[in-house]
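Structure first, commentary second.
The values are calculated or read from the model by the stated rules, or taken from the named source; none is laboratory data. Small disclaimer: the values here were computed from a predicted structure and weren't measured. Cβ placement follows ideal geometry from the backbone for every residue including glycine, while neighbour counts extend to all protein chains displayed. These accessible areas exclude ligands, DNA and RNA; they are computed on the full protein's heavy atoms, side chains included. Shrake-Rupley method; radii C 1.70, N 1.55, O 1.52, S 1.80 Å.
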Amino acid sequence: MYFHGDRNKNNIAITFDDGPSEETLNVLAVLKKYNIKATFFVVGKMIKNRESIIQAIKKDGHEFGNHTFSHKRLWFKSKKFIEEDIQRCDNELKKVGVVTNLVRFPGLKYGLNTIKICKLLNKKIIAIDLITLNQFAMDWFNPWLKKIGLIKNEIKIDDVVKTTIKNTKNGSILVFHDYLQEIGPHKELSSILEIILPELKKKGFNFVTVSELLN
Ligand SMILES: [Zn+2]
């Protein structure tokens, strides 16, 4: 399982989970503006009717990862369920011409069965840097506070922006979400990226795909 890349190199990888969604196209525009290649961990069930979004990601030269078909937590699931859920996502990806050996578990939750099945399927398990386990650095946190009614006004992005810029290190794997579970497309994401991408570049970081980061 990979949490980060080489700490002695200035490479970092930005990743997007849970899409594709209608926000993904805005994300692609920002990535293109700063000439950055990213890795998209897509959810199999999200692909139907959004095939053109997958094609757009592909056309821009980004990498893909498997984030399961159902996005159910895998830690107490049977081997059969885990294998089928990962393979079903692979099959949906195959239909749009994408093959990947990267997998990330929903909610980063896993158990022994999950590890065994990934070994069997020859998958590289991609986690994230410890920094992003801090909820204030998670891009879903403020939209979620709004959903449960704890934020009344506009969704704030400063916490995510500040914490990400402060804590990104050599080799970091950053995670954002182009789709938010039970909320919808992440509408603040491109504004977050518009600030952090140039800022991290200014700090000397070099954005690469996850596979490049781990090579
Ligand atoms: Zn997810």
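Annotation: amide H-H contacts under 5 Å for L102 (H modelled 1.01 Å from N, sequence separation of 5 or more, or interchain): N66, K124.
For the pair L120 and S78, the difference between a 0.36 nm per residue extended length and the Cα-Cα distance amounts to 13.7 nm. Residues of the stretch 197-215 with an amide N closer than 13 Å to a point placed 7 Å from the Cα of N101 along the Cα-to-Cβ direction: 211-212, 214-215. Note on the chain: the C-alpha convex hull projects to 11.2 nm² when averaged across all orientations. Across the accessible surface of the chain, with the other protein chains kept in place and a 1.4 Å probe, carbon and sulfur atoms take up 52 percent. Eigenvalues of the alpha-carbon gyration tensor of the stretch 113-203, scaled by 5 and square-rooted, set the equivalent ellipsoid semi-axes at 26, 19, 11 angstrom, largest first.
Computed over the Cα atoms, what is the radius of gyration of the stretch 1-48 divided by 2.2 N^0.38 Å, N being its residue count?
Details: Rg = 13.0 Å, N = 48, 2.2 N^0.38 = 9.6 Å.
Dividing the Cα radius of gyration by 2.2 N^0.38 Å gives 1.36.
Which whole-number percentage describes the relative contact order of the chain, with Cα contacts under 8 Å and a sequence gap of 6 or more? Let's see the in-between values first.
Numbers: 410 pairs, mean separation 75.7, N = 215.
Taking the mean separation of contacting Cα pairs over the length of the chain, I get 35 percent.
In this Cβ point-charge picture (+1 for Lys and Arg, -1 for Asp and Glu), the chain has a dipole of about 480 debye about its Cα centre.
Loop-only check: which trypsin sites (Lys or Arg not before Pro) in the stretch 126-215 are DSSP coil with at most 12 other Cβ within 10 angstrom? List each step's numbers first, then the result.
Values: sites: K146, K147, K152, K156, K162, K166, K169, K187, K201, K202, K203; in loops: K152, K156, K169, K187, K203.
Sites meeting the loop and neighbour criteria: K152, K203.
Among the GluC sites (Glu not before Pro) in the stretch 146-215, which ones are in a DSSP loop with at most 11 other Cβ atoms within 10 Å of the Cβ? Mind listing them?
Numbers: sites: E154, E182, E188, E194, E199, E212; in loops: E154, E182, E188.
In loop regions of the stretch 146-215 (DSSP not H, G, I, E or B), the sparsely surrounded GluC sites (Glu not before Pro) are E154, E182.
Over all other residues within a Cβ to Cβ distance under 9 Å of I47, the charged ones net out to +2, with Lys and Arg as +1 and Asp and Glu as -1.
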